[in-house]
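Notes to accompany the following structure.
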Amino acid sequence: MSDNNNDIPGVPVTRRLPKTPIKEIGGRKLKPATLMMGHGYDPKLSEGSLKAPIFLTSTFAFESAAAGKHFFEGITGKRPGGTDGLVYSRFNGPNQEILEDRLSIWDEAEDALSFSSGMTAISVLMLTYCSAGDVIVHSGPLYAASEGFVAKVLSKFGVTYLDFPAGATREELDTLLDKAKAMAAKQGGKVAMIYLESPANPTNALVDIEAVCDARNAVLGEDGPPIAIDNTFLGPLWQRPLNNGADIVVYSLTKYVGGHSDLVAGSLAGAKKWMDPVRALRNTMGGICDPNTAWMLMRSLETVELRMERAGQNAAKVCEFLAQHPKVEGLGYLGMISDARQQDIFDRHCSGAGSTFSVFIKGGEAESFRFLDSLRIAKLAVSLGGTETLVSLPAAMTHLSVPDERKAQLGITDNLVRISVGVEDPDDLIADFDQALAAV
Ligand SMILES: Cc1ncc(COP(=O)(O)O)c(C=O)c1O
């Protein structure tokens with residue numbers, strides 16, 4: 001029997017909950033970097049083990065039949081608010097719960113959910129909120145698989161979509177939402193979700209989240225559809241979209257949070273009222289992050305700030321070099337924005353320029369291929385946010401499935417090389433880019 005004082009009223013067992021979290025000391029609110037070392041975990045509940053063990057089990061023993069019933073009432077929604085016990089590993093587990101508690105700290109969210117990949121998080125989220133006849137409104141471009149899920153999968157279930165360019169103004173957003181509302185009414189549905197990706201992959205175009213929130217409130221009402229945003233490129237350090245009016249923040253944890261290119265996972269965070277329906281569908285479909293990956297993510301979260309800060313400093317130095325190079329046509333780097341509206345969005349929403357950017361090589365695919373094939377430190381691979389520098393050519397790789405016309409419209413050209421700078425020595429990286437550009 002647990003010795004802590006969190007008995008569940010009316011149930012003759014206690015859940016072994018960790019001690020009350022310490023979130024402030026002497027009125028000082030503790031920073032996420034501090035909380036990543038222990039929040040949500042109590043060594044007393046695991047034989048004193050300083051780090052959480054990995055709980056490899058498919059199911060959890062109930063202390064009594066009444067406890068089992070009580071937990072299932074939470075799982076099935078018979079009692080609102082979710083379960084307060086460990087039941088079955090498709091629903092929850094200690095590693096995932098600690099991870100989710102820690103993830104919610106970064107975005108100051110009430111609740112978070114972990115998934116087996118970023119795309120699982122996105123698919124379960126969209127399936128939760130969209131029904132036949134509904135319209136989903138999204139910014140463009142999105143990561144190709146997210147766009148594909150909307151256009152090719154949700155469409156099979158009678159969900160249609162409208163998209164807008166990332167930099168759209170308040171007036172353009174109002175017009176589009178009016179159109180979406182009329183479209184939904186005609187289809188017998190509703191505008192179910194506004195889905196954003198900012199910065200967008202791979203162009204780094206920013207969405208004005210505040211303008212989207214104002215437009216939603218004006219056209220669809222404050223109790224209108226949730227605004228979800230994929231914050232993979234800048235989160236959790238350099239952009240906190242829930243503070244700018246978004247309701248749900250989406251991550252591919254595979255990227256900066258995992259940070260070592262050795263796992264695949266995803267997450268959602270937001271108010272409990274938005275997370276509860278998603279948790280219910282995750283319970284049914286599966287897709288929760290596995291315990292081993294959750295453990296690795298907790299290890300990664302201890303250094304996420306250090307890694308991202310160093311990667312951000314490296315990217316600034318590398319971009320200074322690339323911007324001057326005669327074989328470089330331009331850069332899509334948030335530290336060197338040339339468009340006044342994009343700069344205004346950056347100033348209001350972002351606290352750092354990140355370490356993933358695009359470089360436009362003078363020429364086309366052949367010149368870009370020569371550059372990529374000549375690199376000796378940077379690795380030629382898709383993905384981003386790892387400790388090592390990665391380079392790819394989106395038009396030929398991650399965004400190959402995007403129709404040519406749409407690629408042209410979104411600026412995903414054959415000479416757009418995407419670079420994700422890691423934590424190596426920045427001058428070594430510059431030497432590598434210098435010799436590879438010489439080979440173009
Ligand atoms: C912006 C963005 N969102 C979502 C995803 C999908 O994440 P995952 O590969 O973890 O499913 C990616 C993957 O590259 C991405 O770049």
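The values are calculated or read from the model by the stated rules, or taken from the named source; none is laboratory data. Note that the structure is a prediction, hence the values are computed from the model and not measured. Neighbour counts are summed over all protein chains in view; Cβ atoms, including those assigned to glycine, are modelled from backbone coordinates with ideal geometry. Areas reflect the complete protein model, heavy atoms only, side chains present, ligands, DNA and RNA absent. Shrake-Rupley method; radii C 1.70, N 1.55, O 1.52, S 1.80 Å.
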**OP:** Grab the eigenvalues of the alpha-carbon gyration tensor for the stretch 89-207, scale each by 5, take roots, and send me the semi-axes largest first in whole angstrom.
**Re:** 28, 18, 13
**OP:** Any chance you could check the Cα centroid distance between the stretch 225-258 and the stretch 298-376 for me, in angstrom?
**Re:** 19 Å
Original post:
Helix 426-438 versus the longest principal axis of the chain: what is the Cα-based angle in degrees, 0 to 90, to the nearest 10?
Top reply: 40 degrees
Subject >> Amide proton proximity set for F164, modelled H, under 5 Å, gap of 5+ >> reply: H138, S139, G140
**OP:** Compute the normalised compactness of the stretch 341-440: alpha-carbon radius of gyration over 2.2 N^0.38 Å, N being the residue count.
**Re:** 1.14
Original post:
Relative to the first principal axis of the alpha-carbon coordinates of the chain, what is the inclination of helix 291-301, with its axis defined by its Cα atoms, in degrees from 0 to 90 and to the nearest 10?
Top reply: 60 degrees
Subject >> Backbone N within the stretch 296-311 under 17 Å of label point (7 Å from R28 Cα along the Cβ vector) >> reply: none
Original post:
Roughly how many Å² is the accessible area per residue of the stretch 114-257, as a whole number, for a 1.4 Å probe?
Top reply: 31 Å²
Original post:
From the phi of every residue in the stretch 304-309, what ³J(HN,Hα) in whole Hz does the Karplus formula 6.51 cos²θ - 1.76 cosθ + 1.60 yield, where θ is phi - 60° and glycine or proline is x?
Top reply: 4, 5, 4, 5, 5, 4
**OP:** Scan around V191 for amide H atoms under 5 Å from its own, H built in the peptide plane at 1.01 Å from N, and keep only partners 5 or more places away or cross-chain.
**Re:** V135
Original post:
With each run of n ≥ 4 DSSP H residues scored as -39500 (n - 2.57), what mean residue ellipticity at 222 nm is computed for the chain after dividing by its residue count and rounding to the nearest 500 deg cm²/dmol?
Top reply: -11500 deg cm²/dmol
Subject >> Relative contact order [Cα under 8 Å, 6+ residues apart], the chain, whole percent >> reply: 15 percent
Original post:
Between L50 and I377, what FRET efficiency follows from the Cβ-Cβ distance if R0 is 35 Å, with the result rounded to 0.05?
Top reply: 0.45
Original post:
Looking only at Cα atoms, what is the convex hull volume of the chain per residue, in Å³?
Top reply: 154 Å³
Original post:
Among the DSSP beta bridges whose two residues both lie in the chain, what percent are antiparallel, rounded to the nearest 5?
Top reply: 60 percent
Original post:
Using a 1.4 Å probe on the protein chains only, how many percent of the accessible area of the chain belongs to carbon and sulfur?
Top reply: 54 percent
Original post:
What's the angle, to the nearest 10 degrees (0 to 90), between helix 272-285's Cα axis and the longest principal axis of the chain?
Top reply: 90 degrees
Subject >> the stretch 41-75: GluC sites (Glu not before Pro) falling in loop per DSSP and having at most 13 other Cβ within 10 Å >> reply: E47
